[in-house]
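See structure below.
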Amino acid sequence: MQNYGIAVSDRKSSCIRSLVVDPVEKTATVAFHHNDEVYKYSNVPTLECLRVAYQEDISLGKWFHRVLNQPEIFFTKTSFGY
């Protein structure tokens with residue numbers, strides 16, 4: 001299966017070091033500043049993936065708390081970041 005991930009890397013965030021969203025797979029992969037771990041969130045709404053990728057005025061930290069902290073969103077620790 002192809003990877004349709006979109007790197008959301010052109011914004012500064014005190015919370016999130018990197019964010020890659022995949023609207024097709026409905027996932028978000030997040031690396032945080034405070035630790036070296038990477039988490040993959042699943043069941044992320046496609047519209048929210050596209051919104052954070054293309055609307056540059058959205059705060060990554062606020063988007064994370066509003067979207068990824070919902071009870072229907074699941075996450076797993078995928079690896080250690082560097």
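With helices as the sole contributors, the chain gives -4000 deg cm²/dmol at 222 nm; each DSSP H run of n ≥ 4 counts as -39500 (n - 2.57), and the sum is divided by every residue.
Is the C-alpha gyration tensor of the chain telling us rounded, prolate or oblate? Criteria: a/c under 1.5 is rounded; beyond that, a/b larger than b/c is prolate, otherwise oblate. Rounded, because the longest to shortest axis ratio a/c is under 1.5. Couplings 3J(HN,Hα) for the stretch 6-18, derived from phi with the Karplus relation 6.51 cos²θ - 1.76 cosθ + 1.60 (θ = phi - 60°), are 10, 6, 9, 10, 9, 10, 7, 8, 7, 9, 10, 7, 8 Hz, where x marks Gly and Pro. Between E37 and residues 5 or more places away or on another chain, which pairs have amide H atoms under 5 Å apart, with H built 1.01 Å from N, and which residues are they? Answer set, sorted by chain and number: F32, G81. Expressed as a whole percent, the accessible surface of the chain that belongs to carbon and sulfur atoms is 54, based on a 1.4 Å probe. Peptides 58-71, 36-49 ordered by packing proxy, namely the average of other Cβ atoms within 10 Å per residue, highest first: 36-49, 58-71. For V8, the residues 5 or more places off, or on other chains, whose built amide H falls under 5 Å of its own are L19, V20, V21. Using a 1.4 angstrom probe, figure out how much accessible area the chain has per residue, in square angstrom, rounded to the nearest whole. I get 65 Å² per residue for the chain.
The values are calculated or read from the model by the stated rules, or taken from the named source; none is laboratory data. This one's a predicted model, so the numbers in the text were calculated from it and none came from an experiment. Ideal geometry is used to build each Cβ from the backbone, glycine not excepted, and the neighbour counts take in all protein chains shown. When the accessible area is computed, the model is the full protein with side chains, heavy atoms only, and any ligands, DNA or RNA have been set aside. Shrake-Rupley method; radii C 1.70, N 1.55, O 1.52, S 1.80 Å.
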